Amino acid sequence: MQVFASAGRIDSANVQSVQEQASKVVSGPVVLEHEGGRQEISAQQLGEWLRSEPRTVGGRTELAVRLDRVEIETYLRELAKETDVPGRNARLQWTEGQVQVLQPSVPGRELDLDAAVSAIQDAALSDARVIPCPFVMLHRVW
């Protein structure tokens, strides 16, 4: 993997650190686990999302490695189409002063995009590459 240092003077220790981080990101897949199964983000896909950017630290220019947030969000929005579950309100019937539950309510869930993006970014730089898919529970009240 090549890392190009073109944003001012970048010392060799920083270039080596960026190369190590980039290698870590593409060292294997990140797996999201959810009730419906597992979704694997391949090392190749992670590599396509990989970005390096210059930043100034203490008056020096350094490179930083990150995964492109927009790319991850686009991926997760497609995953959410398969994993989100809409909530359902209860169906009730009022008969002679008594309430009868015809169908109980069912809470829904939707993928927590911000938490999922952070979890993927963290997992890509760690050895813990299997992570639970974060959901938010939805409770509909009418």
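Among the residues making up the stretch 93-112, those that are more than 24 Å from PRO132 (Cβ to Cβ) and either exposed (fewer than 13 other Cβ atoms within 10 Å of the Cβ) or basic (Lys, Arg) (or both) are GLN93, TRP94, THR95, GLU96, GLY97, GLN98, VAL99, GLN100, VAL101, LEU102, GLN103, PRO104.
Look at the stretch 56-74: where a residue is more than 21 Å from GLN121 (Cα to Cα) and a partner is exposed (fewer than 13 other Cβ atoms within 10 Å of the Cβ) and of a type in the set (Gly, Ala, Ser), sitting 6+ places away or on another chain with Cβ atoms under 9 Å, you get THR56/GLY8; ARG60/GLY8; THR61/GLY8. If we scan the stretch 75-87, do we find a residue that is loosely packed, with under 14 Cβ neighbours inside 10 Å and more than 28 Å from PRO107 (Cβ to Cβ)? Looking for residues that are loosely packed, with under 14 Cβ neighbours inside 10 Å and more than 28 Å from PRO107 (Cβ to Cβ), one finds none in the stretch 75-87, hence no. For the residues VAL30, VAL85, the requirement of being within 16 Å of PRO134 (Cβ to Cβ) and touching a Gly at 6+ places or on another chain (Cβ under 7 Å) singles out VAL85.
Looking across the stretch 123-142, just one residue is in a strand (DSSP E or B) and more than 26 Å from GLY87 (Cα to Cα), and that is VAL130.
Suppose the filter is touching a residue at least 24 places away in the same chain (Cβ under 8 Å), of a type in the set (A, V, I, L, M, F, W, C), assigned to a strand (DSSP E or B) and within 21 Å of GLN45 (Cβ to Cβ); does ILE120 pass it? Taking the combined requirement at face value, the residue does not satisfy it.
Values quoted throughout were computed directly from the atomic coordinates according to the rules given, and no laboratory measurement underlies them. In this text the structure is predicted, and so the values were computed from the model without any measurement. A quick note on method: Cβ atoms are made from the backbone with ideal geometry, for glycine too, and the neighbour counts reach across all protein chains shown.
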